[in-house]
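The structure appears below as structure tokens.
The values are calculated or read from the model by the stated rules, or taken from the named source; none is laboratory data. Treat the numbers as computed from the prediction; the structure is a model and nothing was measured. As a convention, Cβ positions derive from the backbone with ideal geometry for all residues, glycine included, and neighbour counts pool all protein chains shown. These area figures cover heavy atoms from the full protein model, side chains too; ligands, DNA and RNA do not enter into them. Shrake-Rupley method; radii C 1.70, N 1.55, O 1.52, S 1.80 Å.
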There are 4 protein chains.
Amino acid sequence: MTSNDDVNRDLVESLLTGPAYHKWLGLELLDAKPGQVVIGMAGRPEFCGNTDGTYIHGGLLATLADIAADFALVTQVGIGLPTIDLRMDYLRPAKPGDYLRAVGTVVRRGRTLGVADALVANGDGVKLAVGRGLYSTATP
Amino acid sequence: MTSNDDVNRDLVESLLTGPAYHKWLGLELLDAKPGQVVIGMAGRPEFCGNTDGTYIHGGLLATLADIAADFALVTQVGIGLPTIDLRMDYLRPAKPGDYLRAVGTVVRRGRTLGVADALVANGDGVKLAVGRGLYSTATP
Amino acid sequence: MTSNDDVNRDLVESLLTGPAYHKWLGLELLDAKPGQVVIGMAGRPEFCGNTDGTYIHGGLLATLADIAADFALVTQVGIGLPTIDLRMDYLRPAKPGDYLRAVGTVVRRGRTLGVADALVANGDGVKLAVGRGLYSTATP
Amino acid sequence: MTSNDDVNRDLVESLLTGPAYHKWLGLELLDAKPGQVVIGMAGRPEFCGNTDGTYIHGGLLATLADIAADFALVTQVGIGLPTIDLRMDYLRPAKPGDYLRAVGTVVRRGRTLGVADALVANGDGVKLAVGRGLYSTATP
């Protein structure tokens, strides 16, 4: 774990690891700096999207990418942010046993809307998927 | 359950309910006809995307929409089809306790590529999300 | 032209036909009702996207779809609405000489954001492209 | 203009500047290297998307982004490539008088499909829009 002086890492981590579905996914905050996070997720057998169990369901890559993009903005806004829309492009299959790393990066943070990108790669650094989402950045 | 004379419903159902992640999600094939399916999923507490447990993670709506759009094409192609890309638009939050229904509809089935839409609604028929995906329809 | 009692058609038409680029495109408001418009555009030779001049540039279909989806919301909001994001799926090539018709339909109109769909077809009713956009629906 | 030893620049330029619509847009190939291009376009008054003539139509940014992403792949494939789908995110308005620069970058080139990104900025380097497209990379 790196130190991230400009980000309230405890807050980001508690938002990341608190939700029930995030717990089931086993998400880990690997790094956080202003406008960028790295989130890890181990590819487990129960994540498989085909009967043969040879690849991880794309919905889980979408979830991981969405969370990474979202949390890139969370580092700047400091609260959980609703996803408005998301596009995923699948480049190569993820396999059970892969340790997935998703880098989320802010493209633009506006007052009410933010755009962020995510890149999902496996442990060998092979790009598996890219995502781009729009998030509500309005604060109460 | 309706009878669906032109669709090999047993095949579609086995592709839907076989994969480990689909089992965990608890997916049900509610209807299938050529070019269209309806898939149900109960919104469980472990699906929640916030610490307070008040809404279902958007990644699960994306997963459900992706599967519904994909299986709309599966009714026509007869094999599992890889997702190439997906766009999700979130309209309203899904709540734990909601029984989600996703209608998947083919927009165009080509020889190597297919486009399909999904509409996710709750038990009251309120639209929660729409998705549109591109799928590989090439057969071996 | 149909009568459209619930839509201020003059306003919609002036917003559609006033902008310089819309004039160059030759857009026509074929129909307007609350939450839906039909916009026509003749496919001219100068619209071609390849040197052989055999098909119309996809960017023009994106433009037409964006405008149709946007104006579906304009019928409800009554002012010009900025596009936040757009996804286009190209189904079949448009040809010079085609008269293109784009049907724009509101998916959801919210207080600050709206989602709308567009379907672009040729004069034979063949679907050429589908688009889905997010628009700012906030009013001053 | 840079020299681009590994790209057939004459071919790329002829594909870029040959089509009728590209001519009308006034596209310029500012740079080309394997997997990346920079394309310029002057924002003219006839590009405006509102009656007041204060901003450039988003459809033109989509067109420019689509072309930049497409031509990033063209540098690798060597032929014109059909767009399959495209997502645009608009960040800030483009103004008439802006000289727009779009950087297109390959995300993944596959045998039949390729993903590429585009970033559109003005002359001050301010990001105006990002796009991501899927292209057919199959060769005859």
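For segment A:45-58, enumerate the residues that are within 18 Å of A:Ala121 (Cβ to Cβ) and facing another protein chain (nearest Cβ under 7 Å). Matches in segment A:45-58: A:Phe47, A:His57, A:Gly58.
Across segment C:93-140, the number of residues qualifying as among the polar types (S, T, N, Q) and touching a helix residue (DSSP H, G or I) at 6+ places or on another chain (Cβ under 6 Å) comes to 2. In segment C:38-60, the residue that is nearest to D:Tyr90 (Cα to Cα) out of those that are of a type outside the set (Gly, Ala, Ser) and touching a Phe, Trp or Tyr at 6+ places or on another chain (Cβ under 7 Å) is C:Leu60. Contact map, segment B:112-140: first residue free of Cβ contacts under 8 Å to residues at least 24 places away in the same chain, second residue of a type outside the set (S, T, N, Q) and part of a loop (DSSP other than H, G, I, E, B), Cβ cut-off under 7 Å, separation 6 or more or different chains; pairs are B:Val115/C:Leu91.
Scanning segment A:121-140 for residues that are open to solvent by 30 Å² or more (accessible area, probe 1.4 Å) and assigned to a strand (DSSP E or B) returns A:Lys127, A:Ser136.
Counting only strands (runs of 3 or more DSSP E) wholly contained in segment D:1-120, the ones carrying 3 or more residues that are open to solvent by 30 Å² or more (accessible area, probe 1.4 Å), closer than 29 Å to B:Tyr135 by Cα and modelled with pLDDT of 95 or more occupy D:99-109.
Any residue at all in segment C:8-19 that's basic (Lys, Arg), farther than 21 Å from D:Arg44 by Cα and in contact (Cβ under 8 Å) with a residue 12 or more places away in the chain?
yes
Among residues of segment B:58-70 that are free of Cβ contacts under 8 Å to residues at least 12 places away in the same chain, none has a Cβ under 7 angstrom from a residue that is open to solvent by 10 Å² or more (accessible area, probe 1.4 Å) and assigned to a helix (DSSP H, G or I) at a sequence gap of 6+ or on a separate chain. Only one entry in A:Glu46, A:Glu28 is charged (D, E, K, R) and in contact with a helix residue (DSSP H, G or I) (Cβ under 7 Å, 6 or more places away or on another chain), namely A:Glu46. Just so you know, in segment A:74-94 the residues that are farther than 20 Å from B:Ala62 by Cα and in contact with a strand residue (DSSP E or B) (Cβ under 7 Å, 6 or more places away or on another chain) include one that is nearest to the other protein chains (Cβ to nearest Cβ), and it is A:Gln76. Of all the residues that make up segment C:59-72, how many are more than 17 Å from D:Leu15 (Cα to Cα), facing chain D (nearest Cβ under 8 Å) and more than 8 Å from the chain's Cα centre (by Cα)? Residues meeting the conditions: 2. Number of residues in segment A:95-136 that are facing another protein chain (nearest Cβ under 8 Å) and among the hydrophobic types (A, V, I, L, M, F, W, C): the value is 5.
Screening A:Gly40 on (1) on the phi < 0 side of the Ramachandran plot; (2) at the interface with chain B (Cβ under 9 Å from one of its Cβ atoms); (3) of a type outside the set (A, V, I, L, M) shows it passes everything except condition (2).
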